[in-house]
Amino acid sequence: VGTGVGVGGVGGVGSGTDDVMSEWIGTGGGLPPGNPPSMSDIELSNTTGSSTGGGGGGMFSIDDDYESDAGPPSVFTDSNSTSRTSSRDGGGLASNTKKLRASSLLWGSKTGTSLDNEKLGFITGSSSDDNKSYSKKSNSSSSFWGNNHQADDTHDSSRDLILMASRRLSNEARSSSFNSRDSDDAWHERTSSRIRLPPWCMIHRRAICGILMVCTLWIVLFSVADYNRNNRSSARGNGYGGGATSPWDENPWPELDDPLHTGQGQQRPLEQMKFNRIKDRILTHSISHASTLEEPSTPQYKALRWIVRDDPRQLDLPARDDESPGITGADIDAEQSLFQRYALAVLWYQTSDLQIVQQSMTGSHVENPFENPFDPLELTEEDIKWKKDTNWMSGKGLCLWEGVTCHPHEAYGERFDGDFYVSILNLTGNNAHGIVPQEVFTGFGKLKALDLSKNELEGTIGGELGQLRDLEDLFLFGNNFSGVLPDDVGNLANLYNLYINDNKFRGKLPSTIGDLTKLRGASLFNNTFEGRIPDSIGNLKDVIALYLDENKFTGQIPTTMGDMTSLIDLRLRINNLSGSIPTELGKLNNLETIYLDTNPKISGPIPVELSNLKKLSELHMYEMDLNGPLPKELALLEGLIYLYLDNNELTGQIPEDWGQMGNLEQLFLTGNNLNGPLPETIRGLKSLEMLRAADNELSGPIPTDLGKLTKLEYVYLEDNNFSGEVPPELAELTKLKTMHLHNSRLSGNMPPEICDLKDQFSLIELTADCKEVICDCCACDN
């Protein structure tokens, strides 16, 4: 059926046409004589036709050869006039002349009587011999129709249907439409004996053909759908899908690059329909990119092929058309289950197919020049084999696949042989190689936890990550991911834990991280993030652990961190931060650990506001550029255990008040400009195990009360300006393992009681200036 059916074609035929048709045919047919019509004839005819047609628009036409059609022949238009006169001629219009329609005039100007009979023969099935006398007079349009009639056999069935319909109505048509005419009796006898169509049937012949073909197409489609549905029902009834053999296993597709083709290149319609139906729904939901489902070598194509052909469960989607309402109820569960199964299959092929893994890892490089170069092409199947893959790519429900946990089902719980909404995907330490496909982020609408940590994964994390809006825990640490952290991470409004440490992420930390207001743990250390820490970090008021250490952050520590009042553990060490330590950190009343060390550009004094952190147990501020005195207020930190202030530019004396820190176990003051004596109050540090005060300008004698710190194991007092002898009270340090006293200006004899510690207890290393201190058991430093 051609494509030329006009919108208003059917309505344009209306009352007033039957009598015109009968009147014309009664005269013997043929076109009215006269000159070709003028444009005024056509315009006037258009006006007349619309007024008498009862709501019609342009006439319809069906092009059998898909080429342009000039319109229908006059036998299907109008009229019985014997002369035509332009409505705008000076002489006027004959009173008994009927106005012609534009379509009739146009065809009348191009063809003769023979074309009408040729067209009539085309519809009624008349042979070419019947119209032989007319064919000689036909113009190029007549030849066009005749050639098409001979060559195009595809429309024979439609013509036969029209012919059958006309014969059934022959009696009625004969009595109502035909009148004899002496001038053309022979033609009338031939045509009236073969066709008895009423005028409306001839006028609507093309529409009738189209309707019949559309109905036929619907019947075929309905039969195919019903057959496919019956096959699926039969397969389920016979136990397929639970590990049993699928009906397709009896006649599997050949293993070709395109599995949807047979060996002769012919597609299997039912399988192709299912493939395309699922593919279209996957693309509609933006689960995969269209390009990935076109190439048979991609993991996406292989996963979809497995779903359609090899998966014993044979999940499918209900057929939909453009006018059907959205799916609801159980259909949503079935659709999501299929998407999840497809996404897991993509992940499987992406990380366990050797060729795909090699291709995805070819672009990787080793940043450390001392490491051995890595060539992914040397990988083998054994190298990339998963450690845990129970039930993967089997007929079991995905809720039984290793590492997959479903949301609790109201009837079956979490572990059952079915496909339900996935809650947790945990593949930690599974030796997975390659990249993470986007389907992991787009195929799980209700995923709560994603753990891909401690694998050999690499590549970038795209903005699709932001689609996991229900995600609460994201663990990607211990891989080789690279690229920037997408801004879309801010869409994870329900996220509690973000652990992406020990990777190769780079670029700036997106300010949208401040939108994760439910975040409790943020671990981003050991990457190559750079730039300033965004001020929006202060919005994370529920964060208890913030690990930004071992990156390349620059600029000052944001003062907004003082608003993170839930913070317990803050680690900013090993960066390129600068400026001073913000006093706002003193507002973090819950803080227990601060790591600010190894930022050599941070300068200024130690804020006394840190003394407000009553819960503080660890204060790491070494290898910085801090200056000024040691705040005596730090003595208020009674819970402090580790105090590391070494390798700065601190000055002044060690405050006597520090003797109140009875829980302090390690005190590091090495590498500063401290002076004065060790305070006698040092005896209050009864929990002290390690004292490092070397490389300063300390003076005076070593206090005898140092011997009362019976838990001391390590004492480093070298490179100072002490005076006097080594006090024998130090022999009471029975747990002592190492004591360095060299280059400290001490003199006299080493007490033999201290030497006995090497023989009787755990003392291993004892150093002194042997020229100044007489010692038989010391390692001399001269």
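Listed by first and then second residue, the pairs with beta-carbon distance under 6 Å, at least 6 apart or on different chains, first residue in the range 582-607 and touching a residue at least 12 places away in the same chain (Cβ under 8 Å) and at positive phi, second open to solvent by 10 Å² or more (accessible area, probe 1.4 Å) and not in a helix (DSSP H, G or I), are Thr598/Arg573; Thr598/Ile574; Thr598/Glu623; Gly604/Ser580.
Within the range 589-602, is there a residue that is open to solvent by 60 Å² or more (accessible area, probe 1.4 Å) and under 29 Å from Ala493 (Cα atoms)?
Within the range 589-602, the subset open to solvent by 60 Å² or more (accessible area, probe 1.4 Å) is 589, 592, 600-601.
Imposing the further condition that a residue be under 29 Å from Ala493 (Cα atoms) reduces the set to 589, 592.
Checked against the condition, which is being open to solvent by 60 Å² or more (accessible area, probe 1.4 Å) and under 29 Å from Ala493 (Cα atoms), the range 589-602 yields at least one hit.
Can you say whether Leu498 is more than 19 Å from Asn575 (Cβ to Cβ), among the hydrophobic types (A, V, I, L, M, F, W, C) and open to solvent by less than 10 Å² (accessible area, probe 1.4 Å), as far as the supplied structure shows? Considered against the rule, which asks whether it is more than 19 Å from Asn575 (Cβ to Cβ), among the hydrophobic types (A, V, I, L, M, F, W, C) and open to solvent by less than 10 Å² (accessible area, probe 1.4 Å), Leu498 comes out as no. Tell me, yes or no, whether the range 474-488 has at least one residue that is farther than 15 Å from Thr428 by Cβ, in contact with a Pro (Cβ under 6 Å, 6 or more places away or on another chain) and of a type in the set (Asp, Glu). Yes: the range 474-488 contains one or more residues that are farther than 15 Å from Thr428 by Cβ, in contact with a Pro (Cβ under 6 Å, 6 or more places away or on another chain) and of a type in the set (Asp, Glu). Within the range 459-466, identify whether any single residue is within 19 Å of Gln350 (Cα to Cα), of a type outside the set (D, E, K, R), out of contact with any helix residue (DSSP H, G or I) (no Cβ under 8 Å at 6 or more places or on another chain) and open to solvent by 40 Å² or more (accessible area, probe 1.4 Å), and answer yes or no. Within the range 459-466, one or more residues are within 19 Å of Gln350 (Cα to Cα), of a type outside the set (D, E, K, R), out of contact with any helix residue (DSSP H, G or I) (no Cβ under 8 Å at 6 or more places or on another chain) and open to solvent by 40 Å² or more (accessible area, probe 1.4 Å). The set of residues in the range 513-562 that are open to solvent by 60 Å² or more (accessible area, probe 1.4 Å) and part of a helix (DSSP H, G or I) comprises Asp515, Asp535, Asn539, Thr559.
Taking strands (runs of 3 or more DSSP E) that fall entirely within the range 579-671, which contain at least 2 residues that are β-branched (Val, Ile, Thr)?
593-595
Take Asn782 and decide whether it is modelled with pLDDT under 90 and in a loop (DSSP other than H, G, I, E, B). The answer is yes for Asn782.
Exactly one residue out of Leu425, Leu398 is modelled with pLDDT under 95 and either open to solvent by less than 40 Å² (accessible area, probe 1.4 Å) or of a type in the set (Phe, Trp, Tyr) (or both): that is Leu398.
If you go through the range 737-751 and pick out every residue that is over 60 Å from the mean Cα position of the chain (by Cα) and either part of a strand (DSSP E or B) or closer than 12 Å to Tyr716 by Cα (or both), you end up with 9.
Summed over the range 732-782, residues that are touching a helix residue (DSSP H, G or I) at 6+ places or on another chain (Cβ under 8 Å) and open to solvent by 50 Å² or more (accessible area, probe 1.4 Å) total 6. For beta carbons closer than 8 Å, sequence separation of 6+ or different chains, a first residue in the range 472-500 that is touching a residue at least 60 places away in the same chain (Cβ under 8 Å) and a second that is among the small types (Gly, Ala, Ser), the qualifying pairs are Asn480/Ser364.
The values are calculated or read from the model by the stated rules, or taken from the named source; none is laboratory data. Note that the structure is a prediction, hence the values are computed from the model and not measured. Backbone-built Cβ (ideal geometry, glycine too); neighbour counts: all protein chains shown. Note: accessible area is taken over every heavy atom of the protein model, side chains too, but ligands, DNA and RNA are not part of it. Shrake-Rupley method; radii C 1.70, N 1.55, O 1.52, S 1.80 Å.
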